[in-house]
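See structure below.
The values are calculated or read from the model by the stated rules, or taken from the named source; none is laboratory data. Note that the coordinates shown come from a computational prediction; the quantities given were computed from them, not determined experimentally. Counting neighbours? That spans all protein chains shown, and the Cβs are built from the backbone with ideal geometry, glycine included.
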Amino acid sequence: MTDPTRALYASVYRGDTTWNANLDARLARLESGSLDAKSRELIFVVGHLLNENGEAARYHQKRARKHGAINDDFRLILKILDFYRGLRIFQDAQKLVGFWRSGNFPEIRKPSNGSVQEIFEEIIRTRTYIANGFRVYSADGDWLRLYLERSDNIKASPKSLDDRLVQLVSLAVTLKNHRYSNNWNDGCIQVHDEKARALGASAQDILEVVQIIEICESSATALQGKQYLDLD
């Protein structure tokens with residue numbers, strides 16, 4: 001299989017051997033890193049999905065399968081993407097919608113049973129903290145409860161991934177969310193960083209997640225050039 005990112009670089013940058021060699025060196029650096037092959041390929045899948053680069057995502061999906069990834073792993077990745085893309089909308093609304101701009105979280109619709117405070121107490125019992133994401137959903141008590149249900153579903157989903165890798169995948173997604181939500185998403189990044197480390201991820205593992213996302217951004221830029229510019 002030909003790596004679509006390498007093929008894009010060769011097509012878009014053509015005779016610039018230095019630029020293409022730099023990409024090869026960055027990819028080689030990752031392949032000799034601390035992340036195991038399955039983790040590395042799955043983070044690449046996430047990065048290319050975030051950039052809507054389907055060909056590259058499928059390429060790394062095939063490679064991930066060779067290292068033991070199963071269909072449930074890819075379904076879990078989609079659930080995490082779904083979960084955090086929804087959260088991003090609410091986080092962006094904190095800057096754009098009048099009743100959130102103050103940083104306060106009003107309760108506009110009460111839950112059909114119980115109270116928002118009781119739901120928060122359940123969150124603390126199961127997670128020991130209340131992330132900003134839960135607070136923004138509390139404007140509608142039942143929406144908050146449904147958000148908690150989705151979070152629990154992700155935790156219980158069948159997978160071959162260990163918990164460390166789930167946190168690294170979530171970290172990769174929240175790093176991308178941060179670009180859209182400015183500083184509202186810092187807490188999510190920190191939570192997944194700290195959880196991944198507590199589960200055994202090293203500083204180098206975290207670094208390589210960031211580096212993979214950068215490579216995926218590079219691939220997305222080359223894809224834009226291929227699709228939108230006349231480079232003949």
Taking segment 197-212 and the residues there that are surrounded by fewer than 21 Cβ atoms within 10 Å (Cβ to Cβ) and aliphatic (A, V, I, L, M), the one that is farthest from D36 (Cα to Cα) would be A198
All but one of (1) crowded, with 20+ Cβ neighbours inside 10 Å; (2) under 21 Å from S34 (Cα atoms); (3) of a type in the set (D, E, K, R) hold for K176; which doesn't? (2)
For segment 66-73, state whether one or more residues are within 14 Å of I215 (Cα to Cα) and at pLDDT 95 or above. no
Would you mention how many residues in segment 124-168 are part of a helix (DSSP H, G or I), modelled with pLDDT under 95 and more than 22 Å from the chain's Cα centre (by Cα)? 3
Based on this model, can you work out whether F105 counts as assigned to a loop (DSSP other than H, G, I, E, B), of a type outside the set (V, I, T) and out of contact with any strand residue (DSSP E or B) (no Cβ under 7 Å at 6 or more places or on another chain)? yes
Cβ-Cβ under 7 Å pairs, at least 6 apart or on other chains, segment 101-124 side within 18 Å of D152 (Cβ to Cβ), far side of a type in the set (K, R) and part of a helix (DSSP H, G or I): P111/R145; I119/R145
Which number in (1) out of contact with any helix residue (DSSP H, G or I) (no Cβ under 8 Å at 6 or more places or on another chain); (2) of a type outside the set (F, W, Y); (3) exposed (fewer than 14 other Cβ atoms within 10 Å of the Cβ) marks the one condition that A7 misses? (3)
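Just checking, how many residues over segment 5-40 are basic (K, R) and more than 16 Å from A222 (Cβ to Cβ)?
Narrowing segment 5-40 to residues basic (K, R): 6, 14, 26, 29, 38, 40.
If we keep only those that are more than 16 Å from A222 (Cβ to Cβ) too, we end up with 29, 38, 40.
The total comes to 3.
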For I189, all conditions in the list (1) more than 20 Å from K79 (Cβ to Cβ); (2) assigned to a helix (DSSP H, G or I); (3) at pLDDT below 95 hold save one; what is the number of the exception? (1)
Checked R101, R88, R109 against criteria (among the basic types (K, R) and modelled with pLDDT of 95 or more); the one match is R109
Hey, could you check segment 108-121 for residues that are in contact with a Lys or Arg (Cβ under 9 Å, 6 or more places away or on another chain) and in a helix (DSSP H, G or I) and say which is surrounded by the fewest Cβ atoms within 10 Å (Cβ to Cβ)? F120
Here the qualifying pairs (Cβ atoms under 6 Å; residues six or more apart or on different chains; first in segment 12-28 and within 20 Å of D230 (Cα to Cα); second of a type in the set (K, R)) come out as V12/K226
Candidate set from segment 41-78 (those that are within 19 Å of Y9 (Cβ to Cβ) and either basic (K, R) or over 17 Å from the mean Cα position of the chain (by Cα) (or both)); member that is surrounded by the most Cβ atoms within 10 Å (Cβ to Cβ): Y59
